[in-house]
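Novice: My questions will all concern the structure given below.
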Amino acid sequence: MSTPENVVELRDVDAVFTSGRGRARRVLRAMRGVDLHVAAGETLGLVGESGSGKSTTGAVALGLRRPTSGTVTFLGEPLRRARRRPGAIQAVLQNPHWSLNPRLRVGATVAEPLAARDGRSPNAHRDAVRRMLEQVGLPPDLDARHPHELSGGQRQRVAIARALITEPRFIVFDEAVSALDVSVQAQILNLIRDLQELHGFGSLFISHDLAAVRYVAHRVAVMLRGEIVETAPTSVFYDVPRHPYSRRLLEAT
Amino acid sequence: MNHLLRVDGATVDYTTRHGATRALDGANLTIAPGERVGLVGESGSGKSTLGLLVGRLLPAGARVGGTITVDGRDVLSLRPGDLRALRREVLGFVPQDPVGALDPTLRVGRQMRLALRGSAGEDGNPADLLERVRIDRPDRVLRLYPHEISGGMAQRIVIATVMAAAPRLLVADEPTAALDAQSREEVTGLVMDLAESEGTSVLWLSHDLRAVGRWCDRTAVMYGGRVVEDGSTRAVLDDPRHPYTRALSRSDPAHAVPGRRLPAIVGGPPTLVAGAPGCAFAPRCPRAVADCEGHRPLPLTVDGRTVLCLRPETETTVPSDVKAAS
Amino acid sequence: MKDTATESTTRPRNPVRGALASFDALTLTCAGVLALLTLAAVAGPLAGVGGDPTAIVGPRLAPPSAEYPLGTDSLGRSLLPRVIEGVGTTLVVSAVAVLCTAVISTAGGIVAGYHGGAVNGVVMRIGDVLYAFPAIILAILVASVVGPGRTAALVSIVLVTVPLMTRMVGAAARLVCVRDYVTAARISGVSAPRIMVRHVLTNVSGTVAVQTTYALSVAILVEGGLSFLGYGVQLPASSLGLLIQEGTVYMVKAPWALLAPSVILVLAIVAINVIGDSLRDRFEPRKARSL
């Protein structure tokens with residue numbers, strides 16, 4: 001149902017990939033009739049096994065991939081129009097090692113989305129960057145450092161700062177903590193919860209890690225071969241998973 | 001007991017422009033033939049250094065102390081020819097970044113044949129090897145260049161090549177860290193299955209407690225360049241005795257109590273220097289007492305595992321040598 | 001809550017001194033050889049070392065002496081100024097050509113790597129077609145179209161070196177383009193050209209430097225080969241290839257005429273390759289070294 005407080009809504013989305021030519025041609029239906037919505041201030045956890053289509057769903061929600069059919073709306077308007085306002089949608093991606101350009105200083109990286117939006121130089125946003133670094137629990141003078149001088153946890157905090165600096169309404173976390181050390185994972189998951197309370201963004205938290213999803217998500221959606229087979233509030237889902245596949249996933253952990 | 005690998009009091013020091021740093025601070029570890037050992041630790045704990053040390057693969061400039069014995073051979077005193085023989089015949093390494101381990105100018109097939117030359121896997125047919133790592137249509141893959149394949153595929157190719165030589169000890173340094181989360185489980189399972197069928201011992205370096213818990217017989221936890229807890233995986237991960245292992249296990253979201261905030265370990269990993277007194281974890285340790293700052297903990301046997309701590313989580317009788325040390 | 005960076009690599013304080021100190025003696029020697037050749041090619045003609053390269057000054061095919069340090073050629077011209085001029089011609093033609101290659105390949109490789117898919121396919125296939133021709137055949141083809149001379153040598157070198165370098169830069173760019181920071185920049189709405197310059201170019205610059213060096217050695221070889229066959233630099237100018245060709249004619253009677261340009265050609269190519277290897281070890285380290 002389209003309600004005004006939904007930041008993102010996918011309705012009946014199909015995504016079909018083809019690869020190869022001639023006899024080698026393969027057709028893969030990565031998303032089949034996917035319906036999902038994320039409300040402001042809410043985290044939707046998206047779980048599933050390898051190849052279930054959850055990363056494709058993230059890419060479609062971010063506007064990186066156009067769905068084959070179906071509609072994607074952002075704050076009630078078509079996503080493609082929303083993409084013309086850079087910075088309204090952001091993402092924190094998988095690998096903290098590759099999430100930052102090794103050649104750029106932290107300050108330039110964090111300022112980039114702002115610079116892309118207003119066309120000014122990254123240096124013009126120095127104060128905003130330093131405030132943002134502080135908010136994600138980093139010392140502001142880290143802005144002069146290069147990524148190779150940071151630990152994995154610090155890098156992922158920088159990636160979060162870069163995503164938050166444009167005050168997005170919607171953030172996709174795609175396996176954002178899976179590559180981190182366990183004790184750092186806990187720090188970052190706590191940070192995500194705190195920042196969401198502060199900023200009220202809606203978020204799609206994609207992960208194969210059901211424990212992490214349970215900790216941060218308000219609702220959980222389970223994907224299997226491109227379809228969402230179950231959506232439920234987190235507490236309900238982890239207590240009484242309804243779909244047999246959900247039960248299998250939970251047993252595997 | 002007959003050990004395939006025995007690391008005794010290993011130390012590694014580097015001198016950088018910013019002064020001396022210590023990567024290993026007296027680490028002990030043993031692996032029996034056929035055993036699968038998970039070496040758990042955060043970045044900077046020294047686990048990668050220990051992994052490389054097994055094959056004496058550290059960068060030039062590293063100063064090494066202690067002894068490392070592989071298959072009865074003293075690794076640190078081997079001559080270059082014998083060292084190469086050891087690496088070729090006994091050891092196998094799976095790197096973290098598989099794409100970086102492949103030569104971008106060579107097709108997969110040619111590079112596999114080059115890598116296999118002179119090893120026990122020389123007669124292996126690359127296509128058959130790829131089939132063993134469950135790659136569909138291996139003939140097509142052999143004709144591709146490294147930039148045309150995915151990270152998961154590249155890691156399978158590396159694994160196929162390494163395992164073709166049937167090493168006695170496989171050292172895998174976070175082999176799944178560079179892969180997307182989906183391929184991790186598959187690749188881990190693959191390595192463990194292959195190792196089991198060849199009777200290969202595995203030293204699995206990882207920060208993923210749950211993966212280690214699933215696949216490894218024994219778990220050794222590293223902190224600050226030392227192995228601080230070492231015992232059967234079940235004992236170490238389910239019922240830790242070292243305060244660090246316990247804090248680590250508690251901060252795992254899998255152990256989160258609904259409605260309660262995850263207890264993250266405060267602070268960051270230590271920067272080590274040679275000859276530092278005390279326990280490296282003391283500054284972050286909830287159980288630390290004054291003694292912990294000034295006295296290096298010695299190995300204690302607690303509930304069937306070895307713990308490096310003056311005050312392990314459940315009190316047991318303190319052996320006399322620890323008293324003497326304090 | 002504060003993480004401490006423990007795996008940070010150290011950077012030298014003085015970049016120039018640090019960079020020099022970090023190369024081994026062999027590489028520095030090779031760089032010295034190359035610098036010396038360049039200096040000779042630039043300063044030699046200006047200072048008039050050995051006199052006018054085109055003037056007939058002495059007996060024909062005279063052996064090296066105090067007057068003619070490298071001997072004379074079959075027309076009685078002193079070889080020293082001719083060799084100096086030849087080194088200059090070869091280096092200039094090769095360097096200009098390689099510069100063109102670097103620009104074309106870097107741009108092509110980055111665009112191909114960024115767009116991937118069809119664009120990547122087209123660029124790489126063009127490269128494959130060019131790569132399939134043996135270098136010399138390609139060069140002769142070019143010479144027959146634009147006529148023998150410097151231009152032919154230049155275009156040939158570019159055509160010979162572009163495919164491989166584009167492939168290498170393209171592969172490096174492809175790896176960079178799938179990195180999360182590029183995706184994050186795209187999501188944030190950063191424009192494609194800006195991403196290519198700010199993120200991709202800066203991260204393939206190491207590969208570009210390495211491949212440019214290798215291309216330079218190939219260029220010198222191709223120039224030599226073409227001039228040797230008479231399709232490259234034309235008389236009365238001189239180049240290393242041309243001098244070697246002249247030298248082979250009187251190889252038995254006057255081996256010195258062949259020796260000097262050949263030795264210089266080999267030295268230059270070896271030096272450039274050593275520098276290339278050293279740069280590659282720097283920018284694309286593959287394996288940790290043993291103790």
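Novice: Using the structure shown, decide if A:Asp127 is of a type in the set (Asp, Glu), more than 9 Å from chain C (Cβ to nearest Cβ) and either in contact (Cβ under 8 Å) with a residue 24 or more places away in the chain or part of a strand (DSSP E or B) (or both). Quick ask: steps written out before the conclusion?
Specialist: On the way: of a type in the set (Asp, Glu): yes; more than 9 Å from chain C (Cβ to nearest Cβ): yes; either in contact (Cβ under 8 Å) with a residue 24 or more places away in the chain or part of a strand (DSSP E or B) (or both): no.
When the stated conditions are applied, A:Asp127 does not pass them.
Novice: So, one more: Out of (1) closer than 30 Å to C:Pro59 by Cα; (2) at pLDDT 85 or above; (3) buried (at least 18 other Cβ atoms within 10 Å of the Cβ), the odd one out for C:Ser262 is which?
Specialist: So C:Ser262 meets the others, but not (3).
Novice: Condition first: of a type in the set (D, E, K, R) and either assigned to a strand (DSSP E or B) or closer than 30 Å to B:Gly275 by Cβ (or both). Now tell me which residues in region B:211-240 satisfy that.
Specialist: Filtering region B:211-240 down to residues of a type in the set (D, E, K, R) leaves B:214, B:217-218, B:226, B:229-230, B:234, B:238-239.
Once the filter is applied, which keeps residues that are of a type in the set (D, E, K, R) and either assigned to a strand (DSSP E or B) or closer than 30 Å to B:Gly275 by Cβ (or both), region B:211-240 yields B:Arg218, B:Arg226, B:Glu229, B:Asp230.
Novice: Checking A:Ile206 against (1) over 14 Å from the mean Cα position of the chain (by Cα); (2) buried (at least 18 other Cβ atoms within 10 Å of the Cβ); (3) touching a residue at least 24 places away in the same chain (Cβ under 8 Å), which single condition isn't satisfied?
Specialist: Evaluating A:Ile206 over (1) over 14 Å from the mean Cα position of the chain (by Cα); (2) buried (at least 18 other Cβ atoms within 10 Å of the Cβ); (3) touching a residue at least 24 places away in the same chain (Cβ under 8 Å) leaves (1) as the failure.
Novice: Please verify whether C:Leu243 is buried (at least 24 other Cβ atoms within 10 Å of the Cβ), part of a helix (DSSP H, G or I) and of a type in the set (A, V, I, L, M), treating the condition exactly as stated. If you could, list the steps in order and put the result at the bottom.
Specialist: Working: buried (at least 24 other Cβ atoms within 10 Å of the Cβ): yes; part of a helix (DSSP H, G or I): yes; of a type in the set (A, V, I, L, M): yes.
Yes; evaluated as a whole, the condition is true for this residue.
Novice: When you check B:Gly92 against the structure, is it touching a Pro at 6+ places or on another chain (Cβ under 9 Å), crowded, with 19+ Cβ neighbours inside 10 Å, more than 9 Å from chain C (Cβ to nearest Cβ) and not in a loop (DSSP other than H, G, I, E, B), yes or no? Spell out the reasoning first.
Specialist: Working: touching a Pro at 6+ places or on another chain (Cβ under 9 Å): yes; crowded, with 19+ Cβ neighbours inside 10 Å: yes; more than 9 Å from chain C (Cβ to nearest Cβ): yes; not in a loop (DSSP other than H, G, I, E, B): yes.
Here the answer is yes, as B:Gly92 does meet what is asked.
Novice: If A:Gly153 passes every condition in (1) touching a residue at least 12 places away in the same chain (Cβ under 8 Å); (2) more than 7 Å from every other protein chain (Cβ to nearest Cβ) but one, which one does it miss?
Specialist: Here A:Gly153 clears every test but (2).
Novice: Can we say C:Leu79 is farther than 30 Å from C:Arg179 by Cα, buried (at least 23 other Cβ atoms within 10 Å of the Cβ) and at pLDDT below 90? Even if it seems obvious, please write down each step before you answer.
Specialist: Values: farther than 30 Å from C:Arg179 by Cα: yes; buried (at least 23 other Cβ atoms within 10 Å of the Cβ): yes; at pLDDT below 90: yes.
Yes, satisfied.
Novice: Which one is farthest from A:Gln185 (Cα to Cα), of the residues in region A:118-160 that are of a type in the set (A, V, I, L, M) and in contact with an Asp or Glu (Cβ under 9 Å, 6 or more places away or on another chain)? Working first, answer last.
Specialist: The initial filter retains those residues of region A:118-160 that are of a type in the set (A, V, I, L, M), namely A:124, A:128-129, A:132-133, A:136, A:138, A:142, A:144, A:150, A:158-160.
Subsequent filtering for residues that are in contact with an Asp or Glu (Cβ under 9 Å, 6 or more places away or on another chain) retains A:124, A:129, A:133, A:138, A:142, A:150, A:159.
On the way: A:Ala124: 32, A:Val129: 23, A:Leu133: 18, A:Leu138: 16, A:Leu142: 21, A:Leu150: 16, A:Ala159: 14 Å.
Selected residue: A:Ala124.
Novice: Between A:Ala59, A:Ala88, which is modelled with pLDDT of 85 or more and either touching a helix residue (DSSP H, G or I) at 6+ places or on another chain (Cβ under 8 Å) or facing another protein chain (nearest Cβ under 8 Å) (or both)?
Specialist: On the way: A:Ala59 fails: either touching a helix residue (DSSP H, G or I) at 6+ places or on another chain (Cβ under 8 Å) or facing another protein chain (nearest Cβ under 8 Å) (or both).
Checking each option against the conditions leaves just A:Ala88.
Novice: Kindly indicate which of C:Gly189, C:Gly206 is under 24 Å from the mean Cα position of the chain (by Cα), within 14 Å of chain A (Cβ to nearest Cβ) and either of a type in the set (A, V, I, L, M) or more than 30 Å from C:Pro63 (Cα to Cα) (or both).
Specialist: Numbers: C:Gly189 fails: under 24 Å from the mean Cα position of the chain (by Cα).
Within the list C:Gly189, C:Gly206, the selection yields C:Gly206.
Novice: Ok, one more. Sort out which residues of region A:162-181 are crowded, with 24+ Cβ neighbours inside 10 Å and among the β-branched types (Val, Ile, Thr), and write them in order of number.
Specialist: Result: A:Ile165, A:Ile171, A:Val172, A:Val177.
Novice: Okay, next question. Show the residue pairs that are 6+ apart or on different chains and have beta-carbon atoms under 8 Å apart, the first residue being within region B:30-52 and among the acidic types (Asp, Glu), the second being part of a loop (DSSP other than H, G, I, E, B).
Specialist: Within 8 Å, the pairs are B:Glu35/B:Leu4; B:Glu35/B:Asp217; B:Glu42/A:Asp181; B:Glu42/B:His207; B:Glu42/B:Pro269.
Novice: Taking B:Arg241 as the residue in question, decide whether it is in contact with a strand residue (DSSP E or B) (Cβ under 7 Å, 6 or more places away or on another chain) and within 30 Å of B:Val94 (Cα to Cα).
Specialist: Values: in contact with a strand residue (DSSP E or B) (Cβ under 7 Å, 6 or more places away or on another chain): yes; within 30 Å of B:Val94 (Cα to Cα): no.
No; evaluated as a whole, the condition is false for this residue.
Novice: Somewhere in region B:304-318, is a residue within 22 Å of the chain's Cα centre (by Cα), among the hydroxyl-bearing types (Ser, Thr, Tyr) and modelled with pLDDT of 85 or more? Reasoning before the result, please.
Specialist: Initial filter on region B:304-318 (within 22 Å of the chain's Cα centre (by Cα)): B:304-309.
Still in the running and among the hydroxyl-bearing types (Ser, Thr, Tyr): B:306.
Keeping just the survivors that are modelled with pLDDT of 85 or more gives B:306.
Yes, region B:304-318 contains a residue that is within 22 Å of the chain's Cα centre (by Cα), among the hydroxyl-bearing types (Ser, Thr, Tyr) and modelled with pLDDT of 85 or more.
Novice: Scan region B:176-209 for residues that are within 13 Å of chain A (Cβ to nearest Cβ), modelled with pLDDT of 85 or more and either part of a loop (DSSP other than H, G, I, E, B) or touching an Asp or Glu at 6+ places or on another chain (Cβ under 8 Å) (or both) and jot them down.
Specialist: If the condition is that a residue be within 13 Å of chain A (Cβ to nearest Cβ), modelled with pLDDT of 85 or more and either part of a loop (DSSP other than H, G, I, E, B) or touching an Asp or Glu at 6+ places or on another chain (Cβ under 8 Å) (or both), then B:Leu205, B:Ser206, B:Leu209 are the ones that fit.
Novice: Let me ask something additional. Among A:Arg80, A:Arg103, A:Arg117, which is the only one that is of a type in the set (D, E, K, R), in contact with a Gly (Cβ under 9 Å, 6 or more places away or on another chain) and at the interface with another protein chain (Cβ under 8 Å from one of its Cβ atoms)? Please lay out each step first, then the result.
Specialist: Working: A:Arg80 fails: at the interface with another protein chain (Cβ under 8 Å from one of its Cβ atoms); A:Arg103 fails: in contact with a Gly (Cβ under 9 Å, 6 or more places away or on another chain).
Unique residue meeting the criteria: A:Arg117.
Novice: Moving on. Which number in (1) of a type in the set (A, V, I, L, M); (2) outside any helix (DSSP H, G or I); (3) crowded, with 23+ Cβ neighbours inside 10 Å marks the one condition that C:Leu226 misses?
Specialist: Result: C:Leu226 passes all but (2).
Novice: Just to verify a result, which residue in region A:23-49, among those that are surrounded by fewer than 16 Cβ atoms within 10 Å (Cβ to Cβ) and within 13 Å of chain B (Cβ to nearest Cβ), is nearest to the chain's Cα centre (by Cα)?
Specialist: Ranking the qualifying residues of region A:23-49, first place goes to A:Arg26.
Novice: Still on this structure: Just one of (1) basic (Lys, Arg); (2) buried (at least 23 other Cβ atoms within 10 Å of the Cβ); (3) outside any helix (DSSP H, G or I) trips up A:Arg120, so point out which.
Specialist: That leaves (2) as the condition not met.
Novice: Counting only residues that are under 22 Å from C:Leu159 (Cβ atoms) and among the hydroxyl-bearing types (Ser, Thr, Tyr), which one in region C:169-223 is surrounded by the fewest Cβ atoms within 10 Å (Cβ to Cβ)?
Specialist: Taking the candidates together, the pick is C:Thr213.
The values are calculated or read from the model by the stated rules, or taken from the named source; none is laboratory data. Source: prediction; values computed, not measured. Using ideal geometry, Cβ is built from the backbone for each residue, glycine included, and neighbour counts are taken over all protein chains shown.
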